[in-house]
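Structure first, commentary second.
The values are calculated or read from the model by the stated rules, or taken from the named source; none is laboratory data. All values derive from a computational prediction rather than experimental measurement. Positions of Cβ are backbone-derived with ideal geometry, glycine not excepted, and every protein chain shown enters the neighbour counts. Side chains included, ligands, DNA and RNA excluded: accessible areas come from the protein's heavy atoms. Shrake-Rupley method; radii C 1.70, N 1.55, O 1.52, S 1.80 Å.
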Amino acid sequence: MLKVLCLATPLFALAGTDGGSASGTIYKVVGPDGQVTFSDTPPANGQAQKVELAPINVQPIALPRPLSTRKLSPKDREDEGKEGPTGPLTIQIVSPQDGATIPPGQRFIPLQVNVQPVYPEGASFFAVVDGKPWNGSSEGAGLDISLLERGTHSVQAVLTDARGQVLAQSQVITLYVKRPGGRLPDNPAPRAPQAPKAPVGPGIPQAQPTP
């Protein structure tokens, strides 16, 4: 027989998985000396008081919840695994330099740019000359602007993606283009001052220019 002091152990500790304890029945026995004990089996003499225990409140163990998943769209699958540029994109004009003069004998004017950290796949750049888009763009690092007319021009490079969205803009440079022809020469020579005419005496005819 299992005997437990009434104040030493809570009643629910006596609930087991066999006999009367499975139904929550505990037997209270009072000894001749007045000592109270509890048992999960009835005493042999049958002199015991049944104590009905309330159902034990057992909290279930919390299982980890699975993380929700999202199905990838066709575009997500297409972009999955593609590694894009790290950091912001920058584009700089490296040639011609700011303030450069294009001489009359130079017919070809290449505009060279540098894109950092990497030139995006499918991107291109175009030039803005004197505030207007230049006719033509390039997917590489060069663009032909040889058709610039004579005069002073401001030039800027604009990088765009395949959809035409602007990714980066370069600094604005100034070019001085000299072309032959036109009303004014590219390098007009200053005129020499005329020499003063020699005084002529009275009665002496002035010299006439030889035809």
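Taking only pairs six or more apart or across chains, which ones have beta-carbon atoms under 6 Å, a first residue in the stretch 136-161 that is of a type in the set (D, E, K, R), and a second residue that is part of a strand (DSSP E or B) and crowded, with 16+ Cβ neighbours inside 10 Å?
139/124; 150/177; 161/167
Just for the stretch 29-61: of the residues that are surrounded by 10 or more Cβ atoms within 10 Å (Cβ to Cβ) and assigned to a loop (DSSP other than H, G, I, E, B), which one is modelled with the lowest pLDDT?
Looking at residues that are surrounded by 10 or more Cβ atoms within 10 Å (Cβ to Cβ) and assigned to a loop (DSSP other than H, G, I, E, B), I get 53.
What residue, of 121, 149, is more than 15 Å from residue 94 (Cα to Cα), open to solvent by 90 Å² or more (accessible area, probe 1.4 Å), touching a strand residue (DSSP E or B) at 6+ places or on another chain (Cβ under 8 Å) and at pLDDT below 95?
149
Out of the residues in the stretch 87-118 meeting the condition of being surrounded by fewer than 16 Cβ atoms within 10 Å (Cβ to Cβ) and among the aliphatic types (A, V, I, L, M), tell me which one is farthest from residue 168 (Cα to Cα).
Across the stretch 87-118, the extreme among qualifying residues is 100.
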